[in-house]
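One structure below.
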Amino acid sequence: MKRHTILLILSLVHLSLTLSAQKKPVQPKSADAIDIKVKTLLAKMTLDEKIGQLNQYTSDRLATGPLTPNSSKFNEIKTGKVGSMLNVKGAKETRMVQELAMQSRLKIPLLFGLDVIHGYRVTFPVPLAEAASWDLGMIETSARIAGKEAASAGIHWTFAPMVDIARDPRWGRVMEGAGEDPYLGSLIAGARVKGFQGKGLGSLDAIMACAKHFAAYGAAIGGRDYNTTDMSDRTLWEVYLPPFKAALDAGAATFMNGFNDLNGVPATGNSYLQRDILKGKWAFKGFVVSDWGSIGEMVNHGFATDNKQAGMLAINAGSDMDMESHSYIVNLAQLVKEEKVSVVTINEAVKRILRKKFEMGLFDDPYRFSNEEREKNTLNSPENRGAARDIAKHSIVLLKNDNQLLPLSKTIKIIAVIGPLAKSNIDMMGFWSVKWDNDHLVSPYEGIENKVGKTTKLLYAQGCDVTDTSKANFSQAVATAMQADVVVLAVGEHFDMTGEAKSKANIHLPGVQEDLIKAIKATGKPIVVLTMSGRPMIFNWTADHADAILQTWWLGSEAGNAIADVLFGDYNPSGKLPISFPRSEGQIPVYYNYKNTGRPSTNDYGTGYKSGYTDLQNSPRYAFGYGLSYTQFELSDLKLNKISIKPNENIKVTCTLKNTGKYAGEEVVQLYLRDEVGSVTRPVKELKGFEKVYLKAGESKAVTFVINKEKLSFYNQKMNWTTEPGTFDVMIGNSSDHIILNSKFELVQ
Ligand code: BGC
């Protein structure tokens, strides 16, 4: 064999060995094997190196809190003083920063965390909008794609899902969660965790999920972000904790605590939450990260005298990693010396973090997520954009459709697209978008333009800006409307009007937008209003007078296309509100699963010494679970297979759904239960099951729900999770305020 032939063979062998080494998946490791590795590594670590693992800094590029004045972060990484970075992103950048960690004595890899809340490059609808799809498979897919994209860009860990129940639309962070209901919220929490974590930690396309903000942050008093929360243990366990438990059961690798104080104890320094419940009763094996600066903020809360004492309180309460308070890195060693924090406590926190780094395969290859080639091939693929469009159209809620104005015909001669958001694409991204692709955003106007044929003429007028107080441009908008056969009006909020620190006392449609709608309506032209926001807004006049209304939220990269799909009937809307839309801020909190009281108001009005307002109905403008379709559905034939059960028996509830209209479509059949009498008072109804059913025109289907002990249980006076004998009401409907079928059964001892 000639020398060059031998060399060629050798290099081919080398190449194939290298490729197979690169391709070799990281073997899943047994818990015991990881335990041994963690212990072995821990034994080699100095106290300072251990404390370094508990320290998380941000990259200076993105920040939701005050930035650290410390410019020496990179040196600290090299000396093993940092365990994780947030806001470093992209395969190239993460590799560069990881290289610094590889210069440290023990070469412990960094974890890169980022708020991947609703997509990475391809932006999905904001989480509240997705929740309106009531489609768990789609919600999981959305998180799956976000996870894949982020993992290809060097990210190991998302600070999502936010599973805080939110009953107050003034709170800007309602957009980040799944709405007001613990049952729906729990299922969505599980779906999102599964989506992000895919086949499990160690897969190259899976990122760690983080259930946040533990706990009760969503109950911030008055809807003011970061505010105090104060509630009974019963409300905590019945309403606010279930989605966290569901996230944990789905395998959430991490939890984040919160900014709020709960019943006087800040969540970050709260050992009842973190030690007793999460790591104790629930046996959570992952780690807890603080919220941004929330350890240090315990000084402002008046719970700690200084950052040092705050650190002591936080770590002793079970907060493992310090996000940007610089409390642990500065103070923990001294606190150990003073015997205020034990090495055992520190070891426990370090072990939890190291375990995740092992599970992610980072000790095998610290750069395994930082592959520019994979990043290029993964981001913004047509399939991912297709999925974003799909879920966006499923998230739209049809609030009104008088005289079947919708769907519009694609051959209408002239359509006027009017309003401050008609040509906006950035606003469609919504708050908490990370790395969207500016070149591929679709405004409502563009979506409509893409949809209609050449024979349709589109006109445009802005009318006003979102927050304008001037009506100077109304006349031009009115003149434009006058020329059209139908008007589509895009109104709502700019993307940064609902989100963190975006609480509002006034959640009416901002500025003069509702006046614009009035002016256009006065032309006599049929109007379709698209309401766009991250929160429920109030628009009573519009609700009374517009011909059709679609709540289109902030739908992400494919917003305009998804809106056009629905406007023109290529997709029949099926969304249902995951949160009540109030009539007035004065009703807040308004939610469907309230208690009856001793003096329930009659006919929704609280007159005559009843529990209600003298100047307003009790009910919201649009209730939880509400949403129309272009077709009509009929529910009938409610049957229970038993009328009396024992606690360990199940009851089967069936009914028939029929599509009696002329379009194919989906309906969400909703099952609510009421425990009529209990040793503690029970809500007037609670969602306990739902099914989203697709039917062609004329088709019917039997829908079955199984009611088991779990669905009948509640916390009794002693806070034991149990059932009590008695009568249960079974209610089936297409909204929490539209129950169509009723029955009852007895639970006997
Ligand atoms: C938010 C968290 C977020 C963190 C990091 C904080 O201000 O409350 O939800 O994960 O910033 O960006």
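Only the coordinates and a few stated rules stand behind these numbers; no lab work does. Since the structure is predicted, the reported quantities are computational estimates derived from the model, not experimental observations. Every residue, glycine among them, receives a Cβ derived from its backbone with ideal geometry; neighbour counts consider all protein chains shown.
General remarks:
- Lys285/Lys518 FRET efficiency (R0 45 Å; Cβ-Cβ; nearest 0.05): 0.20
- Which listed pairs, of Lys194/Lys356; Lys400/Lys454; Lys423/Lys521, have C-alpha distances above 23 Å, in listed order: Lys400/Lys454
- Within the range 90-113, backbone nitrogen closer than 19 Å to the virtual label 7 Å beyond the Cα of Glu373 toward Cβ: 90-96
- Sequentially through the range 238-247, phi angles give Karplus couplings (6.51, -1.76, 1.60; θ = phi - 60°) of 7, 10, 8, 7, x, x, 5, 5, 5, 5 Hz, Gly and Pro residues having no value and appearing as x.
- For Ser381 and Ser72, the difference between the fully extended length at 0.36 nm per residue and the C-alpha to C-alpha distance is 107.5 nm.
- For the range 139-155, putting each phi into the Karplus relation 6.51 cos²θ - 1.76 cosθ + 1.60 with θ = phi - 60° gives couplings of 5, 5, 4, 4, 5, 4, 5, 4, x, 4, 4, 5, 4, 6, 9, x, 7 Hz, in residue order, rounded to whole numbers and with x for Gly and Pro.
- Computed as a quarter of the hull surface, the mean projected area of the alpha carbon convex hull for the chain stands at 38.8 nm².
- The relative contact order of the range 587-631 comes to 32 percent, based on Cα pairs under 8 Å that sit 6 or more residues apart.
- For peptides 209-219, 671-681, 88-98, 627-637, sequence by mean Cβ density within 10 Å, most packed first: 209-219, 88-98, 627-637, 671-681
- Subtracting the Cα-Cα distance of Asn263 and Lys471 from their residue separation scaled by 0.36 nm leaves 70.2 nm.
- Projecting the Cα atoms of Ser611, Ala546, Phe112 onto the dipole axis of the chain, where Lys and Arg carry +1 and Asp and Glu carry -1 at the beta carbon, places Phe112 farthest toward the positive end.
- With a cut-off of 14 Å between beta carbons, the residues surrounding Asn650 carry a summed charge of +4, where Lys and Arg count +1 and Asp and Glu -1.
- With a threshold of 18 Å on the Cα-Cα distance, the over-threshold entries among Lys39/Lys245; Lys646/Lys709; Lys658/Lys696 are Lys39/Lys245.
- Radius 10 Å from Cβ of Pro510, net charge of other residues (Lys, Arg +1; Asp, Glu -1): -3
- Note on Lys81: aspartates and glutamates with a C-alpha under 16 Å away, same-chain residues under 8 apart excluded, are Asp48, Glu49, Glu99, Asp320, Asp322, Glu324.
- Annotation for Glu746 and Asp48: the two label points, set 7 Å from Cα along the Cα-Cβ direction, are 7.4 nm apart.
- Highest average packing first - 599-610, 491-502, Cβ atoms within 10 Å: 491-502, 599-610
- Fraction of antiparallel bridges per DSSP, the chain only, in percent to nearest 5: 55
- Relative contact order, percent, the chain [alpha-carbon distance under 8 Å, six or more residues apart]: 12
- For Arg374, net neighbour charge (Lys/Arg +1, Asp/Glu -1) across residues whose Cβ lies under 11 Å away: -2
- Placing +1 on the Cβ of every Lys and Arg and -1 on the Cβ of every Asp and Glu, with nothing else charged, gives the range 665-749 a dipole about its Cα centre of roughly 140 debye.
- FRET efficiency estimate (nearest 0.05) - Cβ-Cβ, Gln334 to Tyr663, R0 51 angstrom: 0.15
- Cβ crowding within 10 Å averaged over residues, with 181-192, 556-567 ranked highest first: 556-567, 181-192
- Additional length obtainable on full extension of the chain from Asp365 to Ala505, 0.36 nm per residue less Cα span: 45.4 nm
- Evaluating 6.51 cos²θ - 1.76 cosθ + 1.60 at θ = phi - 60° for every residue in the range 719-735, the Karplus couplings come out as 6, 8, 7, 7, 10, 10, x, x, 8, 10, 8, 9, 10, 10, x, 10, 6 Hz, glycine and proline recorded as x.
- Long-range HN-HN contacts of Gly689 with modeled amide H, under 5 Å: Leu671
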